[in-house]
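Below is one structure, written out as structure tokens; comments come after it.
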Amino acid sequence: MTGPVLAVDQGTSGTKALVVCPERGVIGSGSAPVRPRYLPGGLVEVDPCELLDSVIAAGRAALAEAATPVVAVGLANQGETVLAWDPATGEPLTDALVWQDRRAAELCAELAVHGDSLRQWTGLPLDPYFAAPKMAWIRRHRTGAGVVTTSDAWLVHRLTGCFVTDAATAGRTGLLDLDTVSWSPDALDVYGLGGERLPGVVDADTRVGTTTVFGPPLPLTGLLVDQQAALLAQSVTEPGAAKCTYGTGAFLLAQTGPSPRRGDTGLVSCVAWRLAGRTSYCLDGQVYTAASAVRWLTDLGVISGAEELDGVGGSVPDTGGVTFVPALAGLAAPWWRGDVRGSLTGLGLDTTGAHLVRALCEGIAAQVAELADAAASDLGGPLTALRVDGGLTRSALLMQTQADLLQLPVEVSALPDATALGAAAVARLGLDPGLAVHEAVPDWKPSAVYEPRVTAAEAGERRARFRDSVTALLDTGPAE
């Protein structure tokens, strides 16, 4: 039995670190904020040094609380956030362009003729959300110096001096061949990145190197992109099962097993993880704005924070006829229209802030329901339940709405911080190759199960209204 490990989840708005003991569970935690800059025109960027500082601060805080030595470190990352940096010194050459950043939209439009080929090679659509368009944008408009990579490769280099990325994170770039799980020369050429020095692609359970930033030397033995780390922690390891994480955005992933499944519903086909040389794949769908939409309502003064969703939204029986498409950063899967913006329809003089809150919960849940339907279609059979995690799962209103619109049970993880727990699992697997996956993952159990409380007919009507609003939004054309 291995000892405790330090698991670090470097996220969009903050970094969470846990000390996870095989026998006692979480024995220490720490966090540090990250403050991305949201700029006009859909630009989102952050100082890379803030990412590194948050990793160190959160990790040290978790270790201090645990007051117990750890034997290894695991790191989860944002996935599609990119920067250019100097591999000789480790110094950033640009800000980090966050996954939400849309500045590469024009470049994607220019490359649209290659869209089908890129999807076939890499499993990903041509969209600024993914890393490759942002990497190409940096090369065109910022600098040709150094290397341009996802943020995890830079963090790993600063922690250990090594130049690697895990297979699942590489799969979020749009540059990884989905079948061979190696860099695609064809995709690199399309993006004009053919001559780039790219990090080595390693398994999630790889002993990468050693770091001293947390104190005594510690091996870094686990690397995994955030949503796939949550998928692992939720024990979604068999084809047909699915999870959704409600964070800054909402992300639904469905396991497909040892073969990639290229569907036609608009979902992304990507690597779930590669462990001990064996690749598992998943389907992936995104809602760009979930907690970030709640923060938008908060900034408007409608509520004082996410903790008021239930109290305010629950004070009215329904949305009062209001439909909210919370596409505040564009529509992702299954529509892939990042150029559109959100809409509020059905407003009247009797509309209150409570109606807006309830309509937001319904809008998030309706988008996730569309993703679940798409996953079921691609998998060739219905999902049986949805396992969920993330901060917004604390909202009973949102979770009940999700169950109602899905017409499926919604099982809320009893273990918060699923992404960090997934990072802990791969760190343990990297430290002890004899460990089975089910032995490294915490026992999964729900803290609550929300069953549908409305009829299928009512759910269908509510979802049809949402789809009508999305259709109207798409028909209006790009946002100016």
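Bear in mind these aren't lab numbers, they're just calculated from the coordinates by the rules spelled out. Small disclaimer: the values here were computed from a predicted structure and weren't measured. Please note: Cβ atoms are built from the backbone with ideal geometry, for glycine as well, and neighbour counts cover all protein chains shown.
Yes/no per residue for (1) buried (at least 17 other Cβ atoms within 10 Å of the Cβ); (2) of a type outside the set (A, V, I, L, M, F, W, C):
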residue	(1), (2)
L283	yes, no
A293	yes, no
G301	no, yes
D310	yes, yes
A333	yes, no
G342	yes, yes
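Would you please name the residue that is surrounded by the most Cβ atoms within 10 Å (Cβ to Cβ), looking only at residues in segment 405-428 that are of a type in the set (G, A, S) and either in contact with a Phe, Trp or Tyr (Cβ under 8 Å, 6 or more places away or on another chain) or part of a loop (DSSP other than H, G, I, E, B) (or both)?
The qualifying residue surrounded by the most Cβ atoms within 10 Å (Cβ to Cβ) is S413.
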### Message
If I ask for residues that are part of a helix (DSSP H, G or I) and either over 18 Å from the mean Cα position of the chain (by Cα) or closer than 29 Å to R262 by Cβ (or both), which ones from segment 292-340 would you list?
### Response
W296, L297, T298, D299, A306, E307, E308, L309, D310, G311, V312, G313
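Kindly establish whether C244 is buried (at least 22 other Cβ atoms within 10 Å of the Cβ) and free of Cβ contacts under 8 Å to residues at least 60 places away in the same chain.
Details: buried (at least 22 other Cβ atoms within 10 Å of the Cβ): yes; free of Cβ contacts under 8 Å to residues at least 60 places away in the same chain: no.
The answer is no for C244.
Listed here are the residues, each with its yes/no results for (1) within 20 Å of S377 (Cα to Cα); (2) aromatic (F, W, Y); (3) in a strand (DSSP E or B).
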position: A229; (1), (2), (3): no, no, no
position: T237; (1), (2), (3): yes, no, no
position: C244; (1), (2), (3): yes, no, yes
position: A254; (1), (2), (3): yes, no, yes
position: R262; (1), (2), (3): yes, no, no
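Please return the ranges of helices (runs of 4 or more DSSP H) entirely within segment 108-195 where 3 or more residues are more than 22 Å from the chain's Cα centre (by Cα).
Working: elements: 115-122, 131-141, 151-160, 167-170, 185-190.
Helices (runs of 4 or more DSSP H) meeting the threshold: 115-122, 131-141, 151-160, 185-190.
Name the single residue that is nearest to L275 (Cα to Cα) among those in segment 211-227 being part of a strand (DSSP E or B) and over 17 Å from the mean Cα position of the chain (by Cα). Break it down stepwise before answering.
We begin by selecting, within segment 211-227, every residue part of a strand (DSSP E or B); these are 211, 218-225.
Subset that is over 17 Å from the mean Cα position of the chain (by Cα): 211, 218-222.
Details: T211: 22, L218: 21, P219: 17, L220: 15, T221: 12, G222: 10 Å.
Out of the qualifying residues, it is G222.
Can you tell me how many residues in segment 1-25 are assigned to a strand (DSSP E or B), in contact with a strand residue (DSSP E or B) (Cβ under 6 Å, 6 or more places away or on another chain) and touching a residue at least 60 places away in the same chain (Cβ under 8 Å)? It would help to see each step written out before you state the result.
So in segment 1-25, the residues assigned to a strand (DSSP E or B) come out as 5-10, 14-21, 25.
Those still in the list that are in contact with a strand residue (DSSP E or B) (Cβ under 6 Å, 6 or more places away or on another chain) too: 5-10, 14-21.
Filter once more, so that each one left must be touching a residue at least 60 places away in the same chain (Cβ under 8 Å): 5-10, 16-18, 20.
Number of matching residues: 10.
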## Note on the structure
Only one of T150, T160, T143, T94 is buried (at least 21 other Cβ atoms within 10 Å of the Cβ), among the polar types (S, T, N, Q) and either in contact with a strand residue (DSSP E or B) (Cβ under 7 Å, 6 or more places away or on another chain) or closer than 29 Å to D417 by Cβ (or both), namely T150
### Task
Quick one: R60 ticks every box in (1) assigned to a helix (DSSP H, G or I); (2) charged (D, E, K, R); (3) under 23 Å from S292 (Cβ atoms) except a single one, so which number is it?
(3)
